[in-house]
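Participant: Supplied in structure tokens, the structure appears directly below.
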Amino acid sequence: MRQPSLTSTASFQALENHALEAEDWEMRKLFAADPQRFERFSSEAAGLFLDYSKNRLDGRTLELLAALARERGVERQRDAMFAGERINNTENRAVLHTALRAPRGSTLVLDGQDVDAEVHAVLDRIRSFTDAVRGGEWLGHTGKPITDIVNIGIGGSDLGPKMVVLALRHYAHPRLALHFVSNVDGHDMDATLSQVDPETTLFIVASKTFTTAETMMNAQTARRWFLERVPAESADAALAKHFVAVSTNVEAIKTFGIDPANMFPFWDWVGGRYSVWSAIGLPVALAVGFGYFSDFLAGAHEMDQHFRNAPIEQNMPMILALVGFWNREFLDAHSVTIAPYHQDLNRFPAYLQQLDMESNGKSVTRDGDPVDTPTCPAIWGEPGTNGQHAYFQLLHQGTDLTPIDFIAALRPAHEMEQHHRALLANCFAQSEAFMKGKTIDEVRADLQAQGLPPEEVERLAPHKTFPGNRPSNTILMERLTPSTLGALIALYEHKTFVQGVLWNLNSFDQWGVELGKVLAKRIEAELAGEPQPDLHDSSTNGLVARARDAF
Ligand code: G6Q
């Protein structure tokens, strides 16, 4: 059924009216007026705590947002996703990353395929393979245990495992070093190959399609590098000990020369950016072991259960989505900053960039109509406290309003208590500063108290004033563990899904990445062979001509 445009719905119009009233709201006053604000606007699920009280909203705002979610059919769409309906309507696919983390015994059947049995059969293989590598029973071709693992993949076949391996480094096997090569830029492969030994390195070629240009080129290069270093007569046996694949495309991996026995499959109903829970998570399972990998899946599953069962008003992913939607649509927030106050979540903003922007960075609806409101904001960020010494200036005093998600663990994985106290103090202080700001009168009073002459007070006061009233969420967990990390990622996956439903987007395709790929192939041929100036504009021709001199 065709969805009505967003702005034509009664609940969106009610929100527009409400937004006019809310225009002048100041969070300082909202907090002063309601001593229970923190309790009222916070939520807890799957080991995560969300404080969303530092947003410019009240109980009525949430009621109206929840009404919009109902009118847009969020609950119905959520249930359709979990049930395996083909909600990815431009690729005619089900969207079942949630089935990858469901415990054994669920009963989903998709086109005659017993999803649970297939998922757990692959998990069993992952368990025995990772146990063998970690336990030192899986040996390289000269009989030595594996010390280095190189994951070759890009986009969804890289960002998830790379982010998670880093985040869970405290759980990692001490003998195994994980490397990730994604970029077609040879500097990436070069930097990794220069660190590893062909006798003790395991390569994982991770590609859902096994056709992605960057990954295929990197995989071929790694294979050549490896074969140049083993005796020709034992090449096949050596390859079988050092190359495994993760893919849905068994024919292509055979053609590449990987034994299907060394292939870990997944399925077309797992989108690339939602695939870390599948065999694409193999580097994670190798690093932390199958037990912790299972905890990671279980944490995500706990969030899935909460998302499926909690009413909208108490549903953490729904709340996060609705608050973000409010900020985007009615406070004109063009971007959102992700600020993990945890160094091990260094790659989390990059991971969310793909999750959110590739899912909802769209301007036509599922029905092919142009959207009538802004959609996905830009997502960016760096760990705190580093960001504070760089771009937080703009967040505090710039002309754009940029909501922030602060993420922190209450307990560290180290024993440097002093560091952790400083870290959390900074995290909480920043959210307080964004909310409260500092009025010009407060600034004047400070400067006067410092004994500055009146003209100096007036000269400096505007520069030292903070407008405040800038929204933020804070997500806390007891510790960053496999389970809380799983829940955190699932939280954002579902947030992204809900926003996609509100905007009526297909969050599971990514046609926008195609055009550049096609043009790159053409230009690559011109760099190697004859230029074709008729195909391009003068800028592209000029750039191609300059680069041709380099080959
Ligand atoms: C993710 C995208 C994209 C994809 C990469 C790698 O949702 O589809 O980032 O993951 O292009 O694709 P392959 O795994 O097929 O190599």
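Participant: Using the structure shown, decide if F180 is more than 22 Å from the chain's Cα centre (by Cα), away from the ligand (no atom under 12 Å from the Cβ), buried (at least 21 other Cβ atoms within 10 Å of the Cβ) and within 23 Å of G272 (Cβ to Cβ).
Facilitator: Values: more than 22 Å from the chain's Cα centre (by Cα): no; away from the ligand (no atom under 12 Å from the Cβ): yes; buried (at least 21 other Cβ atoms within 10 Å of the Cβ): yes; within 23 Å of G272 (Cβ to Cβ): yes.
Answer is no for this residue.
Participant: Here is a follow-up. What's the total number of residues in the stretch 218-245 that are within 13 Å of the ligand (Cβ to nearest atom) and closer than 17 Å to V184 by Cβ?
Facilitator: Final tally of qualifying residues: 2.
Participant: List pairs: first residue in the stretch 1-29 and part of a loop (DSSP other than H, G, I, E, B), second residue open to solvent by 70 Å² or more (accessible area, probe 1.4 Å) and acidic (D, E) anywhere in the structure, Cβ distance under 7 angstrom, at least six positions apart or on different chains.
Facilitator: Sorted first by the residue in the stretch 1-29, then by its partner, the pairs are T9/E71.
Participant: Still on this structure, please answer the following. (1) within 24 Å of the chain's Cα centre (by Cα); (2) over 21 Å from L485 (Cβ atoms): which one isn't true of T439, the others all being true?
Facilitator: Unmet for T439, out of (1) within 24 Å of the chain's Cα centre (by Cα); (2) over 21 Å from L485 (Cβ atoms): (1).
Participant: Hey, any hits in the stretch 246-265 for a residue that's loosely packed, with under 14 Cβ neighbours inside 10 Å, within 30 Å of N360 (Cβ to Cβ) and within 16 Å of the ligand (Cβ to nearest atom)?
Facilitator: no
Participant: Hey, among L123, L100, which residue is in a helix (DSSP H, G or I) and within 16 Å of the ligand (Cβ to nearest atom)?
Facilitator: None of the others qualify; the one that does is L100.
Participant: Here's a follow-up. Going by the conditions given, is N88 buried (at least 19 other Cβ atoms within 10 Å of the Cβ) and touching a Pro at 6+ places or on another chain (Cβ under 6 Å)?
Facilitator: Taking the combined requirement at face value, the residue does not satisfy it.
Per-residue answers, yes or no, for (1) more than 23 Å from T474 (Cα to Cα); (2) within 16 Å of the ligand (Cβ to nearest atom); (3) free of Cβ contacts under 8 Å to residues at least 24 places away in the same chain; (4) touching a helix residue (DSSP H, G or I) at 6+ places or on another chain (Cβ under 8 Å):
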residue: F293; (1), (2), (3), (4): yes, no, no, yes
residue: L297; (1), (2), (3), (4): yes, no, no, yes
residue: Q343; (1), (2), (3), (4): no, no, no, no
residue: E358; (1), (2), (3), (4): yes, yes, no, yes
residue: G361; (1), (2), (3), (4): yes, yes, no, yes
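Participant: Hey, among the residues in the stretch 366-386 that are open to solvent by 20 Å² or more (accessible area, probe 1.4 Å) and of a type in the set (A, V, I, L, M, F, W, C), which one's nearest to C427 (Cα to Cα)?
Facilitator: The residue in question is W380.
Participant: Let me ask you something else. Restricted to the stretch 275-291, and to residues that are in a helix (DSSP H, G or I) and among the β-branched types (V, I, T), which residue is farthest from the ligand (Cβ to nearest atom)?
Facilitator: Per the stated criteria, the residue is V288.
Participant: Let me ask something else. Here is a list: R56, R78. Which entry is within 12 Å of M318 (Cβ to Cβ), surrounded by 19 or more Cβ atoms within 10 Å (Cβ to Cβ), touching a residue at least 24 places away in the same chain (Cβ under 8 Å) and basic (K, R)?
Facilitator: R78
Participant: Does E23 count as within 17 Å of W503 (Cβ to Cβ) and surrounded by fewer than 17 Cβ atoms within 10 Å (Cβ to Cβ)?
Facilitator: no
Participant: Based on this model, can you work out whether T474 counts as within 16 Å of the ligand (Cβ to nearest atom), buried (at least 20 other Cβ atoms within 10 Å of the Cβ) and in contact (Cβ under 8 Å) with a residue 12 or more places away in the chain?
Facilitator: Here the answer is no, as T474 does not meet what is asked.
Participant: Continuing with the same structure: Across the stretch 201-212, which residue is farthest from the ligand (Cβ to nearest atom) among those that are in contact (Cβ under 8 Å) with a residue 60 or more places away in the chain and either of a type in the set (V, I, T) or closer than 12 Å to V181 by Cβ (or both)?
Facilitator: T201
Participant: Still on this model: Answer yes or no as to whether G384 is in a loop (DSSP other than H, G, I, E, B) and without any contact (Cβ under 8 Å) to a residue 24 or more places away in the chain. Walk me through how you get there before you give the answer.
Facilitator: Details: in a loop (DSSP other than H, G, I, E, B): yes; without any contact (Cβ under 8 Å) to a residue 24 or more places away in the chain: no.
Spelling it out, it is not the case that G384 is in a loop (DSSP other than H, G, I, E, B) and without any contact (Cβ under 8 Å) to a residue 24 or more places away in the chain.
Participant: Here's another thing I want to ask about it. For the stretch 305-322, what are the residues that are surrounded by fewer than 24 Cβ atoms within 10 Å (Cβ to Cβ) and assigned to a helix (DSSP H, G or I)?
Facilitator: Q305, H306, R308, N309, I312, E313, Q314, L320
Participant: Follow-up question, since we're still on this one. In the stretch 365-380, which residues are more than 16 Å from the ligand (Cβ to nearest atom) and in contact (Cβ under 8 Å) with a residue 60 or more places away in the chain?
Facilitator: The answer is T365, R366, D367, D369, V371, D372, T373, T375.
Participant: Scan the stretch 397-450 for residues that are outside any helix (DSSP H, G or I) and among the basic types (K, R) and report the count.
Facilitator: Going through the stretch 397-450 one residue at a time, the tally reaches 2.
Participant: Which one is surrounded by the fewest Cβ atoms within 10 Å (Cβ to Cβ), of the residues in the stretch 183-194 that are part of a helix (DSSP H, G or I) and out of contact with any strand residue (DSSP E or B) (no Cβ under 6 Å at 6 or more places or on another chain)?
Facilitator: Our first condition is that a residue be part of a helix (DSSP H, G or I); within the stretch 183-194, this holds for 186-193.
Imposing the further condition that a residue be out of contact with any strand residue (DSSP E or B) (no Cβ under 6 Å at 6 or more places or on another chain) reduces the set to 186-187, 190-191, 193.
Values: G186: 12, H187: 8, D190: 12, A191: 13, L193: 18.
Once the filter is applied, the top-ranked residue is H187.
Participant: If you scan the stretch 154-175, which residues turn out to be more than 16 Å from the ligand (Cβ to nearest atom), in contact with a Lys or Arg (Cβ under 7 Å, 6 or more places away or on another chain) and in a helix (DSSP H, G or I)?
Facilitator: Residue satisfying the conditions is L166 alone.
Participant: Just to check your reading of the model, which residue among T215, T192 is within 15 Å of the ligand (Cβ to nearest atom), within 23 Å of G257 (Cβ to Cβ), at pLDDT 95 or above and within 27 Å of the chain's Cα centre (by Cα)?
Facilitator: Criteria check complete, one pass: T215.
The values are calculated or read from the model by the stated rules, or taken from the named source; none is laboratory data. Everything numeric in this text was worked out from a predicted model, so none of it was measured. Cβ: placed from backbone, ideal geometry, glycine included. Neighbour counts: every protein chain shown. All accessible areas refer to the heavy atoms of the entire protein, side chains included, with ligands and DNA or RNA removed. Shrake-Rupley method; radii C 1.70, N 1.55, O 1.52, S 1.80 Å.
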